[in-house]
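Report on one structure; see the data block that follows.
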Amino acid sequence: QVRLVESGGGSVQTGGSLRLSCAASERAFINYGVGWFRQSPGKEREFVAAIIWSGDSTSLADSVKGRFTISRDHGSDNTVYLHMNSLKPEETGVYYCAAGFGIGQTADHYHSWGQGTQVPVSS
């Protein structure tokens with residue numbers, strides 16, 4: 001298990017940008033895959049992006065390709081970022097990061113989850 005803490009959420013207008021951070025507080029992300037998921041009001045938790053810690057492989061949901069990127073902090077071994085541009089109102093929700101072995105696009109692939117950070121996108 002890895003303890004995860006998300007930060008960087010907050011209110012943003014349509015078309016705006018945010019950078020979310022996911023920090024592992026007790027263990028490094030080495031050998032892990034880190035994913036970001038979004039849960040919008042009344043909807044299931046859905047995959048947004050993931051990265052293998054080596055940084056050589058990433059995965060993005062089709063709906064965010066060209067607008068979102070996922071990256072790791074090369075100066076540390078415990079922080080992953082989700083860069084979100086051109087945000088849309090339907091992308092309002094709680095954003096969670098999760099850690100698992102390798103990259104997966106389903107929630108059950110990941111064994112450790114953060115508490116989430118709110119991102120309201122206003123129109």
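The values are calculated or read from the model by the stated rules, or taken from the named source; none is laboratory data. Note that the coordinates shown come from a computational prediction; the quantities given were computed from them, not determined experimentally. Methodologically, a virtual Cβ is constructed for each residue, glycine included, from the backbone with ideal geometry; neighbour enumeration extends over all protein chains shown. The accessibility values were calculated without ligands, DNA or RNA, using every heavy atom of the protein model including side chains. Shrake-Rupley method; radii C 1.70, N 1.55, O 1.52, S 1.80 Å.
Numbers at a glance
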{"read-out": "Selection within the range 11-40 - touching a strand residue (DSSP E or B) at 6+ places or on another chain (Cβ under 7 Å), closer than 21 Å to S63 by Cα, outside any strand (DSSP E or B) and open to solvent by 20 Å² or more (accessible area, probe 1.4 Å)", "value": "S11, T14, S17"}
{"read-out": "Residue match in the range 75-82 (condition: among the charged types (D, E, K, R) and within 15 Å of A49 (Cα to Cα))", "value": "no"}
{"read-out": "Search result, residues across the range 61-82 that are within 18 Å of G116 (Cβ to Cβ) and touching a Lys or Arg at 6+ places or on another chain (Cβ under 8 Å)", "value": "T79, V80, Y81, L82"}
{"read-out": "Evaluation of E46 against (1) open to solvent by 10 Å² or more (accessible area, probe 1.4 Å); (2) within 13 Å of T69 (Cα to Cα) (one fails), failing number", "value": "(2)"}
{"read-out": "Flag if S59 is farther than 15 Å from A98 by Cβ and either part of a strand (DSSP E or B) or modelled with pLDDT under 95 (or both)", "value": "no"}
{"read-out": "Any hit, the range 51-60, residues being among the small types (G, A, S), open to solvent by 30 Å² or more (accessible area, probe 1.4 Å) and in contact (Cβ under 8 Å) with a residue 40 or more places away in the chain", "value": "yes"}
{"read-out": "Positions within the range 95-123 being open to solvent by less than 30 Å² (accessible area, probe 1.4 Å), closer than 15 Å to Q39 by Cα and not small (G, A, S), in sequence order", "value": "Y95, C97, T117, V119, V121"}
